[in-house]
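Take a look at the structure set out below.
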Amino acid sequence: MKTQYYTAASLDGFIATEDDSLDWLFPLGDLNEAGYPTFIDAVGALAMGSATYEWILRHASQVAAETGASWPYAQPAWVFSRRILPRVAGADIRFVQGDVRPVHAAMRDATGPKNLWIVGGGDLAGQFHDAGLLDEIIVQVGSVTLGRGKPLFPRRVTSPPLRLISVRQIGSGLAELRYEVPVGGTGAA
């Protein structure tokens, strides 16, 4: 079982624009070409921040067109938020706040041997990293720049550095980089 941050980012390191738009991403590739079906089959639980959750709710018809359902996850989802958010009927969603460590333990208990996916955003993935709970970062880097926006991973990780374990081209617009997070330290400097 791994805890993975799987996301896409612009070439200059943003996962969304300042107003949470992902319109820049969709013309760059197809979920099936990106290996998403294989990835999601290995996921047993996921965590996301409130901005990610609200994006899914706002774009339910677009999500349904891409994935076949307005709430695309069969797995239990932990949504970090300090606010009361609407629930999705029939979805296994648990609203939480605070320290990621007890949430990670609950996710691990719910998933068995399957992987845990930190969907986003970047700061939430960084909190899992800071707690020593992040095993892998998988980022599909797009062939666009945004100039400003929501950062991919707002943390300084220099020593020990992340370990690049694979690089894969996806069509003409994306490159997937897979990094292992070193064991036994936060890596922050």
### Cα gyration tensor, the stretch 55-189 - rounded (a/c under 1.5), prolate or oblate
oblate
### Summary
Computed over the stretch 78-162, the relative contact order (Cα-Cα under 8 Å, seq sep at least six) in percent reads 24
#### Entry: Charge dipole (debye, nearest 20) of the chain; +1 at Cβ of Lys and Arg, -1 at Cβ of Asp and Glu
460
## Note on the structure
Between the residues SER81, ALA69, LEU133, the Cα farthest towards the positive end of the dipole of the stretch 11-154, that dipole coming from +1 and -1 charges on the beta-carbon of Lys, Arg, Asp and Glu, is from SER81
### Local electrostatic count at THR7 - Lys and Arg +1, Asp and Glu -1, tallied over other residues with Cβ under 11 Å
0
### Task
Before rounding to the nearest 500, sum -39500 (n - 2.57) across all DSSP H runs of length at least 4 in the chain and divide by the residue total; then give [θ] at 222 nm in deg cm²/dmol.
-6500 deg cm²/dmol
### Query
Tell me, what HN-Hα J-couplings in whole Hz come from the Karplus equation 6.51 cos²θ - 1.76 cosθ + 1.60 at θ = phi - 60° for each residue of the stretch 16-22, using x for Gly and Pro?
7, 6, 4, 9, 6, 7, 10
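Readers should treat all values here as calculations from the given coordinates under stated rules, not as data from a laboratory. None of the values given here were measured: they were computed from a predicted structure. Please note: Cβ atoms are built from the backbone with ideal geometry, for glycine as well, and neighbour counts cover all protein chains shown.
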